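Worksheet: one structure, shown below.
The values are calculated or read from the model by the stated rules, or taken from the named source; none is laboratory data. Quick caveat: nothing in here was measured; it's all calculated off a predicted structure. All Cβ positions, glycine included, derive from the backbone under ideal geometry; neighbour counts span all protein chains shown.
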Amino acid sequence: MEAKSSNQIKEESNDSNYDRKAEIKAFDDSKTGVKGLVDSGVKKIPRMFLSGIDITENVASDSNLSIPVIDLQDIHNNPALHNEVVTKIRSACQEWGFFQVINHGIPISVMDQMIDGIRRFHEQDTDVRKQFYSRDLKKTILYNSNTSLYLDKFANWRDSLGCSMAPNPPKPENLPTVFRDIIIEYSKEIMALGCTIFELLSEALGLNPSYLKEMNCAEGLFIQGHYYPPCPEPELTLGTSKHTDSSFMTIVLQGQLGGLQVLHEKLWFNVPPVHGALVVNVGDILQFSLNMEVKNTNQLEKNMDSTYDRKAEVKAFDDSKAGVKGLVESGVTKIPRMFHSGKLDLDIIETSGGDSKLIIPIIDFKDIHSNPALRSEVIGKIRSACHEWGFFQVINHGIPISVLDEMIDGIRRFHEQDTEARKEFYTRDSKKKVVYFSNLGLHSGNPVNWRDTIGFAVSPDPPKPEHIPSVCRDIVIEYTKKIRDVGFTIFELLSEALGLNSSYLNELSCGEGLFTVGNYYPACPEPELTMGAAKHTDGNFMTLLLQDQIGGLQVLHQNQWVNLPPVHGALVVNVGDLLQLITNDKFVSVCHRVLSKKTCPRISVASFFGTFFGHSDDPVEGLQKLYGPIKELISEENPPIYRDTTIKDFVAYYYAKALDGKSSLNRFRL
């Protein structure tokens, strides 16, 4: 039976006399966590902890099913045993996403001391704990209760102490004395074990043992020591709510009390503590970083093809620094295998016919600042286009056609200049403000696109003029200033289309960052085998696209690909994932792609508006901002569809999965 009915929880949540925000703030300001509540003698848990979840539902009772326990003893000196362990890990990752390991090399005494050290910290005098209490994510040592306390629907009955132990560990004297020595020792041991498990995971994928380590999957290490105090009403709350881990991999050392459960085939299975064991679970980024679900056996078999060294082919291409244009200049008549996309869905709807319902809207901005009636009409058209298509084109937007044409020519000049001149700008250093490369996710494992790119981190901190290639310097500076102004205008119109103040989205900093890229799609000898840009959505707030007259851009609408024909002088506007998230699906971010062409290069200039571009000193500056559904758009009839998330988490997920044809938004749905 439910401890409280859902109606009762709902009534309490809607109680106008209850100030949840004040309750949370008072709890946070106390800096004593859940342990402080228990120390104060509470008999009833505060309302902010009420989950409304029946924890007895869907709990597995079949004792024949259990999370695998894998013995790592002798794996380094017994090849047959090593292969057997790799097979077990492959199976566990495919079927469960979880497994336990024993005989992993970390002494039980070290693990027991680590548990005791965390206990000592949380059970020491309150005033000593308070010294470490903080919500500043930049700190390397962080004690608090519920990292996303102000965002979650309900708080968890748990306190946490976190320490960033790699790549830049805190100074020993900054660590709490009650567990200083043991966390230093434990972190070294767990780091070494993590590297071993990444080797085994690589082999389970049919890859070289060093593959995942070379992808820097083990570069960072963050250790959290959780403390779950006794709860007077455990049926009403959770120690940790349902979630997945947004890392590559998590290794858990748990005490002997139990409580951890894993969702498997829609049932919750207990993970019983095994003294001396460690729990390993696959994180979101590992699942997507190689463009494969770990559960996809066909992909595993593909990775195990030993006759083709994809990694070597990709590396040779990247090392050439000449891009796809370099391949064309070398006279290739067959595209390299790494570009093969498999079977392409080339069934399209031509928009030149008479069905006006399948034509992407073209909206005229002329006189919108001086004619209120016309402005209202334009806002209505934008609202409809963003809801039904996620795309529209704008004309009479204020940028002279001569500037648009010169920008296309400037990008062409850069990509068609001498190879050695282009190479000077070739880099994969995301901290640089001017970057030339081919395929941002080149090493992700996805089919490579037939496209090269020059990118400029324009805002908030633009590059110095002398750092911009001379062949396009003046026009890039002029165009990006004008496109930024148009972006602000469109954010105003989008705000009004949502029924908000015209400044709303700009005040949310949706247009604070601007990254402009000039894409070059060379003529392709086998366009039926590859894509100019694979099916994807954009992970920002909004993109403004300038395209030449060659065509090739397509938008997915009602499960059909629709051509977006070039209109000379027009700009293409498309809704990004983050705009869909904050508008709670009132505006939609849709999949689009670019086809390869056998004749003529195609050129486009995409300007991505977000909050996370252009910070050279600190690449994660601005990434800690939280975004969720806009409160003014939420009601009882229209509850939030997405959870609040930091830009950092969203961007990490988006770039880890690369252009895999899937929306990023499902990860953030409630």
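Taking the conditions (1) aliphatic (A, V, I, L, M); (2) free of Cβ contacts under 8 Å to residues at least 60 places away in the same chain; (3) within 28 Å of Thr645 (Cα to Cα); (4) touching a helix residue (DSSP H, G or I) at 6+ places or on another chain (Cβ under 8 Å) in turn, Ile184 satisfies each one other than (3).
Quick check: is even one residue across region 13-30 at pLDDT below 95, in the same structural domain as Leu149 (by TED's automatic domain parsing) and among the aromatic types (Phe, Trp, Tyr)? Yes: one or more hits.
Every residue, every condition in (1) basic (Lys, Arg); (2) out of contact with any strand residue (DSSP E or B) (no Cβ under 8 Å at 6 or more places or on another chain); (3) outside the structural domain of Gly239 (by TED's automatic domain parsing); (4) not in a loop (DSSP other than H, G, I, E, B), yes or no:
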{"position": "Arg135", "(1), (2), (3), (4)": "yes, no, no, no"}
{"position": "Leu142", "(1), (2), (3), (4)": "no, no, no, yes"}
{"position": "Ser148", "(1), (2), (3), (4)": "no, yes, no, no"}
{"position": "Phe154", "(1), (2), (3), (4)": "no, yes, no, no"}
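One line per residue, one yes/no per condition, for (1) surrounded by 20 or more Cβ atoms within 10 Å (Cβ to Cβ); (2) among the polar types (S, T, N, Q):
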position	(1), (2)
His467	no, no
Glu478	no, no
Phe515	yes, no
Gln560	no, yes
Leu571	yes, no
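Restrict the check to region 242-249 and report whether at least one residue is assigned by TED's automatic domain parsing to the domain that holds Ile285, under 18 Å from Asp284 (Cα atoms), at pLDDT 95 or above and surrounded by fewer than 18 Cβ atoms within 10 Å (Cβ to Cβ). Checked against the condition, which is being assigned by TED's automatic domain parsing to the domain that holds Ile285, under 18 Å from Asp284 (Cα atoms), at pLDDT 95 or above and surrounded by fewer than 18 Cβ atoms within 10 Å (Cβ to Cβ), region 242-249 yields no hits at all. Only residues that are outside any helix (DSSP H, G or I) and either at pLDDT 70 or above or charged (D, E, K, R) (or both) were counted in region 616-670, giving 29. Taking region 418-445 as the range and being in a helix (DSSP H, G or I) and over 22 Å from the mean Cα position of the chain (by Cα) as the test, the residues that pass are Thr419, Glu420, Ala421, Arg422, Lys423.
Contact map, region 582-603: first residue within 14 Å of Ser664 (Cα to Cα) and not assigned by TED's automatic domain parsing to the domain that holds Pro525, second residue of a type outside the set (Phe, Trp, Tyr) and part of a strand (DSSP E or B), Cβ cut-off under 8 Å, separation 6 or more or different chains; the map is empty. Scanning region 285-318 for residues that are acidic (Asp, Glu) and at pLDDT 80 or above turns up Asp309, Glu313, Asp318. Of the strands (runs of 3 or more DSSP E) lying entirely inside region 535-595, those carrying at least 3 residues that are β-branched (Val, Ile, Thr) are 571-575. Of the residues Lys35, Lys25, the single one that is crowded, with 16+ Cβ neighbours inside 10 Å and outside any loop (DSSP other than H, G, I, E, B) is Lys35.
Could you please find all residues in region 252-291 being in contact (Cβ under 8 Å) with a residue 40 or more places away in the chain, surrounded by fewer than 18 Cβ atoms within 10 Å (Cβ to Cβ) and among the aliphatic types (A, V, I, L, M)? Val262, Leu267, Val274 - these are the residues of region 252-291 that are in contact (Cβ under 8 Å) with a residue 40 or more places away in the chain, surrounded by fewer than 18 Cβ atoms within 10 Å (Cβ to Cβ) and among the aliphatic types (A, V, I, L, M).
One line per residue, one yes/no per condition, for (1) farther than 30 Å from Lys648 by Cα; (2) surrounded by 19 or more Cβ atoms within 10 Å (Cβ to Cβ):
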residue: Val110; (1), (2): yes, no
residue: Asp116; (1), (2): yes, no
residue: Arg119; (1), (2): yes, no
residue: Asp125; (1), (2): yes, no
residue: Lys153; (1), (2): no, no
residue: Asn156; (1), (2): no, yes
residue: Gly162; (1), (2): no, yes
residue: Arg180; (1), (2): no, no
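For region 624-644, name all the residues that are in contact (Cβ under 8 Å) with a residue 24 or more places away in the chain and either among the basic types (Lys, Arg) or not assigned by TED's automatic domain parsing to the domain that holds Ile582 (or both). Passing the criteria: Lys625, Arg643. Exactly one residue out of Gly105, Gly52 is over 30 Å from Phe248 (Cβ atoms) and either assigned to a loop (DSSP other than H, G, I, E, B) or modelled with pLDDT under 95 (or both), and it is Gly52.
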